[in-house]
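Data block below; observations after.
Just so you know, all these numbers are worked out from the coordinates, no wet-lab data involved. These figures come from a predicted structure and were not determined experimentally. Cβ: placed from backbone, ideal geometry, glycine included. Neighbour counts: every protein chain shown.
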Amino acid sequence: MLYTSSGADAKKAFDEDPSLAIAYHEGFRAQCAKWPQNPLDDVIAWIRREVPKGSVIGDFGCGEARLALELGKRYKTHSFDLVAINKRIAACNLANVPLPNGCLDVGVFCLALMGTDWLDFIREARRCLKPGGLLHIAEVESRFESIDSVVNNIQAIGFRKVMYTPGSFFIKLRFARTAGAEGRAKGSSAIPAMSQSGQKRKAKAGADQAAAGLRACKYRRR
């Protein structure tokens, strides 16, 4: 469901049925136990090794907010997910996080680009990042229909690719935020109103474009 719905629809579903969060995290922990490695371990090691202490980190789709727990007070970490299962997390749609413009040094999406509107998550991360700030993405290799499409879509938003590490199970990508306009401010009414039919056509086109390059993960009950 998370891979085939928008961030807003997923947030609504989790708000209406809190048991979904319990089921998700139980399933995620079981899945992690089968992996040859946990990509979050690499994220933590990279930040400790290369990101200056005191930097501000945004963990988009943080799960249990382990990143904030592991980094501790050496960094200021903001953790976002659909449900706040502990006090480290702010519950929100990843396309609309409670941060001001240009406040982050690093944004992280570790197995978190799940929505059909995942490019809106990337746009929101760009809004929150400082010029030159880093966007780090780790995703399951089998999700990539086209690595070039994913990279091109992200670069078109206002990023420059600085690292691509292929793998047999996970792919790691890193981008730097380019300088330029911050984008439309939250709550702005600069976009003119559309008819209902026009909104539906635009929503479908946007979802189709946003999903280009990444396929959904499908898990079978065994």
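Percent of alpha carbon pairs in the range 61-100 separated by more than 11 Å? It would help to have the intermediate numbers written out before the result.
Details: 452 of 780 pairs.
In whole percent, the long-distance tail amounts to 58.
Put in line by how crowded their Cβ is, counting other Cβ atoms within 10 Å and starting with the fewest, Val51, Val162 read Val162, Val51.
Sorted largest first, the principal axis extents computed over the alpha-carbon atoms of the range 6-97 equal 40, 32, 22 Å.
List the trypsin sites (Lys or Arg not before Pro) within the range 1-108 that DSSP assigns to loop and that have no more than 12 neighbouring Cβ atoms inside 10 Å.
Numbers: sites: Lys11, Lys12, Arg29, Lys34, Arg48, Arg49, Lys53, Arg66, Lys73, Arg74, Lys76, Lys87, Arg88; in loops: Lys34, Lys53, Lys87, Arg88.
Hits after loop and neighbour filter: Lys34, Lys53, Lys87.
Below 11 angstrom from the Cβ of Gly167, what's the summed charge of the other residues (Lys, Arg +1; Asp, Glu -1)? Charge balance near Gly167 sits at -2. Checked against a 30 Å cut-off, the cross-linked pairs Lys11/Lys130; Lys76/Lys172; Lys34/Lys87; Lys12/Lys53; Lys130/Lys172; Lys34/Lys172 give Cα-Cα distances beyond that limit for Lys12/Lys53. What is the range 112-171 by shape, rounded, prolate or oblate, if you read a ≥ b ≥ c off the alpha carbon gyration tensor as root eigenvalues and call it rounded for a/c under 1.5, prolate for a/b larger than b/c, and oblate otherwise? Prolate.
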